[in-house]
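Contents: one structure, followed by commentary.
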Amino acid sequence: MDSDKYLEGQSMQRSPLFESNGFIYWKNRFETYVKSKGLDLWHVIIEGDFVPIQNNSKTKQSEAVPFEKQNDDLKKRLAKNNEAKMVIYNALPKKEYEGTFMCNTEKEIWKTLLITHQGNSQVKDKKIDILVQQYEQFVISKDESIDSAFARFNTIITSLKALDEGYSSKNYVRKFLRALHLKLRAKVTTIEELKDLTSLSPDELIGNLKDSSDEESSTSGSEDEEYAMAVKDFKKFFKRRGRFVRQSQNDKKIFQRSRDDKNSKSDRKCFRCGDLNHLIGECSKPPRDKNQRAFVGGS
């Protein structure tokens, strides 16, 4: 990286070192750093130098003030111009410095860096269109972790912000919730019911989703363990009682056959005398007529 070319032992208070391969990342960090040093510095970089002009109390008009007539407040204000330029130069390697050396103001330096590494307005608009499309089509797969999904999502929204384009925090939260897989729909419903999405930040959303996942995993693991123990005890019980169960089933079948035989015997009787203890072929009582004898013999 370009930052590797810098001398070691640099103060932690210096500007974030320029990275040509990660311009958007550097740009965001640089802006935050400059604003932490003073909002006047960032104003100079974006809007241009402060100029030695004051209102004339007599003419009521603005006019240039020569150096010898500048008061201390105006001099301090004008000093912000060089301070802002030094902040930028401290962040640039030699190659980038040479590319901006002909710029007269901090605003010109900043604009040159943006065009060189971010493109002109047309290129910028094209990049924005691509990122917006990625944002609108963002989805989370079934097996993707919350951390991995948010890392992809954060790259998109950070890139949009670096191009001065973006959505509200509320929009980010709702978009991420809609992108979650259907298996997490119960969690989404819970969050929507318990949280105020208008004030919920993306980081807080991720924390809630991860907490919910941890609780679900813990509960699921406990339930699985209880189920496994129940199945184990169930098998042990039937292993000990298997013989008794089989014997009971066999006894039931024997009892049923005995009952069926008894019922079938109770339904049979002699057609000649009506006795239940024998059939007509074993009856000793003589038939009433020849036709009945013939019928019995035929039978």
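State, to one decimal in nm, how far the label point of I128 lies from the label point of K170, with both points 7 Å from Cα in the Cβ direction.
So the two model labels end up 2.2 nm from each other.
How much length, in nm to one decimal, is gained on full extension between A64 and T189, taken as 0.36 nm per residue of separation minus their Cα-Cα distance?
38.7 nm
Per-residue HN-Hα couplings for region 80-92, Karplus 6.51 cos²θ - 1.76 cosθ + 1.60 at θ = phi - 60°, whole Hz, x for Gly and Pro?
5, 4, 5, 5, 5, 5, 5, 4, 5, 4, 5, 8, 9
Under a 5 Å amide H to amide H cut-off, with H placed in plane at 1.01 Å, what residues pair with Q54 once short-range neighbours are removed?
E63, V65
Would you mind counting up the charge near N81? Only other residues with Cβ under 13 Å from its Cβ, with Lys and Arg at +1 and Asp and Glu at -1.
Neighbour charge sum, excluding N81 itself: 0.
From the phi angles alone, apply the Karplus equation (6.51, -1.76, 1.60; θ = phi - 60°) to region 156-166 and give each ³J(HN,Hα) in whole Hz, x where the residue is Gly or Pro.
5, 6, 5, 5, 5, 4, 5, 8, 6, 9, x
Per residue of region 168-176, in order, report the coupling 6.51 cos²θ - 1.76 cosθ + 1.60 (Karplus, θ = phi - 60°) as ³J(HN,Hα) in whole Hz, putting x for Gly and Pro.
Computed from phi, the couplings for region 168-176 are 6, 4, 4, 5, 4, 5, 5, 5, 5 Hz.
Among K127, K58, K27, what is the fewest-to-most ranking by other Cβ atoms within 10 Å?
Going from sparsest to densest Cβ surroundings: K58, K127, K27.
Starting from 0.36 nm per residue, how many nanometres of slack lie between D211 and R178 once their C-alpha separation is accounted for?
10.0 nm
Two decimals is fine: what's Rg over Rh for region 2-118, C-alpha atoms, Kirkwood radius as Rh?
Result: Rg/Rh = 1.06.
Can you give the extra length, in nm with one decimal, that the chain gains between N82 and T158 once fully stretched, where that is 0.36 nm per residue apart less the Cα-Cα distance?
Between N82 and T158, full extension yields 24.4 nm more.
Among 71-82, 150-161, what's the highest-first ranking by average C-beta atoms within 10 angstrom per residue?
In descending order of packing, they fall as 150-161, 71-82.
Using a simple spin-label model with points 7 Å from Cα along the Cα→Cβ vector, what separation in nm is obtained for C270 and E98?
13.4
Quick note: the coordinates plus some simple rules give every number you see, no bench work behind them. Fair warning: this is a prediction, and the values are worked out from it, not measured in the lab. We place every Cβ from the backbone using ideal geometry, glycine too, and count neighbours over all the protein chains shown.
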